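For reference, the structure discussed in these notes is given below.
The values are calculated or read from the model by the stated rules, or taken from the named source; none is laboratory data. It should be emphasised that the depicted structure is a prediction, and the values quoted were computed from it without experimental measurement. Backbone-built Cβ (ideal geometry, glycine too); neighbour counts: all protein chains shown. To get the accessible areas, we keep the full protein, side chains included, count just its heavy atoms, and leave off ligands, DNA and RNA. Shrake-Rupley method; radii C 1.70, N 1.55, O 1.52, S 1.80 Å.
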Amino acid sequence: MPAGFGRLWTAQTVSSLGDGVTLAALPLLALTLTRDPMALAVVTAAGTLPWLLFGVIGGALVDRWDRRRVMGAADAARAALLALPAAAAALDVLSVPLLAAVAFLLGLGGLFFDTAATAYLPDLLRRDSALLETANSRLRGAQTAMSGFAGPPAGSALLALGRAVPLLADAVSFLLSALLVRTLPAVPRPAPQVHEPLLRQARAGASYVFRDRVLLGLALRPAVGNVAFLAVETVLALFAHERLGVGAYGFGLLLTAEATGGLLGSALASPLGRSLGTGTALTCTAAVEGLAILGLAATPNPYLAALALAVCGAGMGATMVLAPSLRQAIVPPHLMGRVASTSRMLAMCAAPVGAFVGGWLATAYDLRTPLYAAAGLLLAMTAVTASMTSDRRVGAALSAAARASDPEQAELPEQPDPQGRSGVEDRPPESAADVLRP
């Protein structure tokens, strides 16, 4: 690993610890203001809306701008932003609309930081697929350990000291991350096409995802998953309180159990991909997640619920290593920011749907109904994953990317892959049928 990766890993680890604090604190803060499931859904969904409004444009801007500066500016802005709800909590004027607005702006900063970091990593590691998988495993493992394992109990404990305390702790973490990002090394990357209109650049990145079966499958997997997971997350605090009989500290421990599973899944992702194949491994993790949520819905026992969340977290952790590593290995460098943001936009745009569906189902029926619906969606996702990201398609995509990056092979006549695409062109499809054709 290059020396710069250690600093990037440290920056994201520090920031993830603060995210974990806020992950537990925000829903608990919202619960001090309201018990309405739909109001809780508004706060949950607000953080995902920036991807719906600015996702593709943000990726095009990241492909134009210096990616290190984007990461640093995003973290510095989020640190300053968290001072607002902290001050409101200290003055006892905190409200659900303010929490929703802060969640939205934090999500906007996360859009730019995550897109820039995703595009920066392949440049730093010279697009080496083995290094990318290792790097994503370490980054995901640290993120899971901090945002899920250490952060939520700390957030619950800090909340007992005062409603502003966990928010200030997250602000400090963002500030430290911004300072570390400034020390990252410069890396060579394709010159931005500054003379091409921004909307045309954004459209090219989006069309590249929709034309490619593997990339579209990798994007649909988290999109469907987010509908399911946000339906669960929206009611999880209330579910834990009313059905499992646990308080604020117990809720933090439930999130810790999920993070523990995620940490294990991140560590096992590479061996799982090598033994089963990346495509088969992604299909298996979808099935594991669905069965785990089904078990969570069925049990009133907090210990079994924690076990179910841990198993679900393991499936999510492995998926979040295998899928981004594959995407970073097969996407051309000049499209990386746009493809990453388009894929993330599809996933994040699905999240508000899941949040509102979860709130509606809990209001119209009971707290278990969103969990059963989420389990059904995740189990149905296994068929989509098996078809669009099969081992055969994944192998063809990696071969096409290798030919595109090898100057000697690039001079040879190009052989079509099983998907009927070259893997290197970025012109948009000629019709909607081109997008949907197998």
* Is it true that A88 is of a type outside the set (F, W, Y), modelled with pLDDT of 85 or more and touching a Ser or Thr at 6+ places or on another chain (Cβ under 8 Å)? -> yes
* **Residue match in region 12-32 (condition: surrounded by fewer than 17 Cβ atoms within 10 Å (Cβ to Cβ), closer than 26 Å to L161 by Cβ, in contact (Cβ under 8 Å) with a residue 40 or more places away in the chain and small (G, A, S))** => no
* Asked: For region 125-141, how many residues meet the condition of being part of a helix (DSSP H, G or I) and surrounded by fewer than 21 Cβ atoms within 10 Å (Cβ to Cβ)?
  -> 5
* Residue list for region 38-70, filter: farther than 23 Å from A157 by Cβ, part of a helix (DSSP H, G or I) and open to solvent by 30 Å² or more (accessible area, probe 1.4 Å) -> M38, V42, L49, L52, L53, F54, I57, L61, R64, R68, R69
* Among G354, G313, G358, which is the only one that is in contact with a Gly (Cβ under 7 Å, 6 or more places away or on another chain) and crowded, with 23+ Cβ neighbours inside 10 Å? -> G313
* **Residue satisfying all of: in region 1-11; in a helix (DSSP H, G or I), touching a residue at least 24 places away in the same chain (Cβ under 8 Å) and not aromatic (F, W, Y); farthest from T134 (Cα to Cα) among these** => A11
* Can you name the number of the only condition in (1) surrounded by fewer than 23 Cβ atoms within 10 Å (Cβ to Cβ); (2) under 19 Å from M320 (Cβ atoms); (3) touching a Lys or Arg at 6+ places or on another chain (Cβ under 7 Å) that A297 fails? -> (2)
* Asked: Inside region 270-283, can you point out the residues that are aliphatic (A, V, I, L, M) and either open to solvent by less than 20 Å² (accessible area, probe 1.4 Å) or over 18 Å from A310 (Cα atoms) (or both)?
  -> L276, A281, L282
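Confirm whether A259 is open to solvent by less than 60 Å² (accessible area, probe 1.4 Å), hydrophobic (A, V, I, L, M, F, W, C), closer than 30 Å to D36 by Cβ and within 18 Å of the chain's Cα centre (by Cα). Break it down stepwise before answering.
On the way: open to solvent by less than 60 Å² (accessible area, probe 1.4 Å): yes; hydrophobic (A, V, I, L, M, F, W, C): yes; closer than 30 Å to D36 by Cβ: yes; within 18 Å of the chain's Cα centre (by Cα): yes.
For A259, the condition - open to solvent by less than 60 Å² (accessible area, probe 1.4 Å), hydrophobic (A, V, I, L, M, F, W, C), closer than 30 Å to D36 by Cβ and within 18 Å of the chain's Cα centre (by Cα) - is met.
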* To do: Have a look at A267, A286 and point out the one that is open to solvent by 30 Å² or more (accessible area, probe 1.4 Å) and in contact (Cβ under 8 Å) with a residue 40 or more places away in the chain.
  => A267
* Does at least one position in region 332-345 carry a residue that is surrounded by fewer than 22 Cβ atoms within 10 Å (Cβ to Cβ), modelled with pLDDT of 75 or more, among the hydroxyl-bearing types (S, T, Y) and not in a loop (DSSP other than H, G, I, E, B)? -> no
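One line per residue, one yes/no per condition, for (1) modelled with pLDDT under 75; (2) of a type outside the set (G, A, S); (3) not in a helix (DSSP H, G or I):
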site	(1), (2), (3)
A374	no, no, no
T385	no, yes, no
G395	no, no, no
Q409	yes, yes, no
E425	yes, yes, yes
* To do: Looking only at region 279-314, count how many residues are in contact with an Asp or Glu (Cβ under 7 Å, 6 or more places away or on another chain) and more than 21 Å from L244 (Cβ to Cβ).
  => 2
* Among the helices (runs of 4 or more DSSP H) lying completely within region 197-294, list those that include at least 3 residues that are acidic (D, E) and over 30 Å from P153 (Cα atoms). => none
